[in-house]
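Trainee: Sending over a structure as structure tokens; questions will come in a sec.
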Amino acid sequence: MQGAAVTRRRGQRPGHSATTAHFQAAYPFQGQGGLGAPGVYIGADAFGGAWVFDQWELYERRIMRSPNIVVLGEIAFAKSTWIKTFLYRQFLFGRQSFVIDIKGEYLPLAEAIGVSPFVLEPGGSMRLNPIERRGGRKGQLTLLRSVAMASLRRHLVPEEEAGLRVALDQCNDEAGSADPTLPNVVDVLLHPREPMVAGVSAASGPEFAAANRELALALQRLCDGDLKGIFDGQTSAGIDLDSPLIVFDLSAMGDSEALGVLATCVGAWQQAVLRERKRVSDETGIPMRKAHCVFEEVWQVTPNIGVAEWLQANFKLCRALAISNILSTHKLTDFDTAGDKGSRAVRIAQNLVPDAGCFIIHRQSPDQREVLRDDLGRSETEVELAMGLDVGEALWVMGAYSTLVQQRSSAREREITFTDQQMGANPPGFRPTPTEIARTGG
Ligand SMILES: Nc1ncnc2c1ncn2[C@@H]1O[C@H](COP(=O)(O)OP(=O)(O)O)[C@@H](O)[C@H]1O
Ligand SMILES: [Mg+2]
């Protein structure tokens, strides 16, 4: 209209406008997409709307039956990318993350958050005591059992169950106010003290020692064998338990048999830290900080009964310990091959599936059709879809609900999650950042 002047008051500025995609990235917890619960921005759902997600919010609303997440997908279809990006975004909201990193690929994320991974390697400087008192006696015993089973690669017989229990009590007594260590346990098992012999009603010390010799030698391997120097003493100083991200880098072990034992010991220590936190929370009434427990490529270690037992405990304890376990593996049938057919490890691994509240399914191979249909209750259309997903696309399944999501990353996040250095190439459809170009030589 001619002559109509738009008057602007002093100090008034034109409003800032941005696309909804930018807005959701800048204010992740404000996004109203997804299932209507607040969460961090993940990407776009099948309808083009924002997909936001927070497992605890969805669990509280009974949309997820537990806060545990299983991430499936063939190699290089962006499983790790999703996990790292998610942890990075959740970090802004005070969530803590523990990561067992068997490939040694979390350094860029750790650097971005301003922490350093703890490298566990034979002859290294980092040591963890998996039987610290912080988990309480019950926690100590549970973890000592897992470590013993991991090391023996079998279940304990009744004599060993009883032997381990009295050995732990003896070590706690002898250690006074200090923490007992694995070498202490080995010592008392090989040279049982009088109260131990009486505690299991053994006829004599030699009888006790004979019944527990295999167990003692298996634990001794942790102190003297290929894992020497990692778990045979008190935990090294300098681990900040309040750090937003605690990464244990186990990549030095490669795919050696000891990896399962190593993972169990780290998991045991981690669980003890969380149990202590729960005790403090129960005493003070201050709610526990929510934490992610990430374990990628879990198929490599589930055949080990110790790992399977500890993982099962972590899954069951998720509500009590305020944790969300995030596991990644290629396909659901990896859990079937977790040991000999019908073995306890297989049964435990299979039991993890019903305890998961969310499956994030990246590209699947055709041999997974039946499992997706029968075990996860997916329709034929979804099964077809899962076989043809592109990198970064995933089918999200939470109980009866499912949707297709394309994850989105910022340039900074792509730097943190880039794992194709060895390939010397950038994946199709993924615009390289200047750092990637510099790193790979273009
Ligand atoms: N949307 C995407 N498009 C193309 N490449 C991607 C995308 N998301 C991630 N990538 C890249 O693909 C590579 C493999 O991803 P990664 O998450 O490590 O795979 P996985 O853990 O499934 O084996 C990484 O270098 C990552 O930067
Ligand atoms: Mg990966």
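Trainee: Return the only residue of LYS290, LYS316 being out of contact with any Cys (no Cβ under 7 Å at 6 or more places or on another chain), without any contact (Cβ under 8 Å) to a residue 40 or more places away in the chain and more than 16 Å from ligand 1 (Cβ to nearest atom).
Mentor: On inspection, the qualifying residue turns out to be LYS316.
Yes or no, residue by residue, for (1) at negative phi; (2) of a type in the set (Phe, Trp, Tyr); (3) more than 16 Å from ligand 2 (Cβ to nearest atom); (4) surrounded by 17 or more Cβ atoms within 10 Å (Cβ to Cβ):
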{"site": "THR329", "(1), (2), (3), (4)": "yes, no, no, yes"}
{"site": "ALA349", "(1), (2), (3), (4)": "yes, no, yes, yes"}
{"site": "ASP355", "(1), (2), (3), (4)": "yes, no, yes, yes"}
{"site": "HIS362", "(1), (2), (3), (4)": "yes, no, no, yes"}
{"site": "SER379", "(1), (2), (3), (4)": "yes, no, yes, no"}
{"site": "MET398", "(1), (2), (3), (4)": "yes, no, yes, yes"}
{"site": "LEU404", "(1), (2), (3), (4)": "yes, no, yes, yes"}
{"site": "ILE416", "(1), (2), (3), (4)": "yes, no, no, yes"}
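Trainee: For the structure I just gave you, tell me whether SER66 is touching a residue at least 24 places away in the same chain (Cβ under 8 Å) and within 16 Å of ligand 2 (Cβ to nearest atom).
Mentor: Here the answer is no, as SER66 does not meet what is asked.
Conditions tested, residue by residue: (1) aliphatic (A, V, I, L, M); (2) surrounded by 21 or more Cβ atoms within 10 Å (Cβ to Cβ); (3) within 16 Å of ligand 2 (Cβ to nearest atom).
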position: ALA268; (1), (2), (3): yes, yes, no
position: LEU274; (1), (2), (3): yes, yes, no
position: PHE295; (1), (2), (3): no, yes, yes
position: VAL298; (1), (2), (3): yes, yes, yes
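Trainee: Shifting gears a bit: Within the stretch 41-119, considering only helices (runs of 4 or more DSSP H) that don't extend past its boundaries, which have at least 2 residues that are under 19 Å from ILE361 (Cα atoms)?
Mentor: Helices (runs of 4 or more DSSP H) meeting the threshold: 55-60, 79-91.
Trainee: Then there's this: Can you tell me how many residues within the stretch 331-347 are of a type outside the set (A, V, I, L, M) and either touching a residue at least 40 places away in the same chain (Cβ under 8 Å) or within 16 Å of ligand 2 (Cβ to nearest atom) (or both)?
Mentor: The number of residues fulfilling the criteria is 3.
Trainee: Out of ARG193, ARG165, which single residue is farther than 26 Å from ALA263 by Cβ and of a type in the set (Lys, Arg)?
Mentor: ARG193 is the lone residue from the list that is farther than 26 Å from ALA263 by Cβ and of a type in the set (Lys, Arg).
Trainee: Please go through the stretch 273-309 and give me each residue that is among the aliphatic types (A, V, I, L, M) and farther than 21 Å from ILE348 by Cα, ordered by number.
Mentor: VAL273, LEU274, VAL280, ILE286, MET288, ALA291
Trainee: Looking for whichever is over 17 Å from ARG408 (Cβ atoms), at pLDDT 95 or above, away from ligand 2 (no atom under 14 Å from the Cβ) and not β-branched (Val, Ile, Thr) here; the options are GLY136, GLY114, GLY94, GLY123. Which one fits?
Mentor: One residue alone meets the criteria, GLY114.
Trainee: Could you check how many residues of the stretch 70-106 are within 13 Å of ligand 1 (Cβ to nearest atom), on the phi > 0 side of the Ramachandran plot and either surrounded by fewer than 23 Cβ atoms within 10 Å (Cβ to Cβ) or free of Cβ contacts under 8 Å to residues at least 12 places away in the same chain (or both)?
Mentor: Within the stretch 70-106, residues that are within 13 Å of ligand 1 (Cβ to nearest atom), on the phi > 0 side of the Ramachandran plot and either surrounded by fewer than 23 Cβ atoms within 10 Å (Cβ to Cβ) or free of Cβ contacts under 8 Å to residues at least 12 places away in the same chain (or both) number 2.
Trainee: Of the numbered conditions (1) over 30 Å from TYR401 (Cβ atoms); (2) among the β-branched types (Val, Ile, Thr); (3) within 14 Å of ligand 2 (Cβ to nearest atom), ILE75 fails exactly one; give the number of that condition.
Mentor: Here ILE75 clears every test but (1).
Trainee: So, PHE248, is that one touching a helix residue (DSSP H, G or I) at 6+ places or on another chain (Cβ under 8 Å) and in the same structural domain as VAL99 (by TED's automatic domain parsing) or not?
Mentor: Criteria met by PHE248.
Trainee: So which of ARG347, ARG277, ARG369, ARG363 is part of a helix (DSSP H, G or I), in contact with a strand residue (DSSP E or B) (Cβ under 9 Å, 6 or more places away or on another chain), among the basic types (Lys, Arg) and over 16 Å from VAL99 (Cα atoms)?
Mentor: Exactly one of ARG347, ARG277, ARG369, ARG363 is part of a helix (DSSP H, G or I), in contact with a strand residue (DSSP E or B) (Cβ under 9 Å, 6 or more places away or on another chain), among the basic types (Lys, Arg) and over 16 Å from VAL99 (Cα atoms), namely ARG277.
The values are calculated or read from the model by the stated rules, or taken from the named source; none is laboratory data. What you are looking at is a predicted structure, and each value in this text was computed from that prediction instead of being measured. Cβ coordinates were reconstructed from backbone atoms using ideal geometry, including for glycine residues, and neighbour counts include every protein chain displayed.
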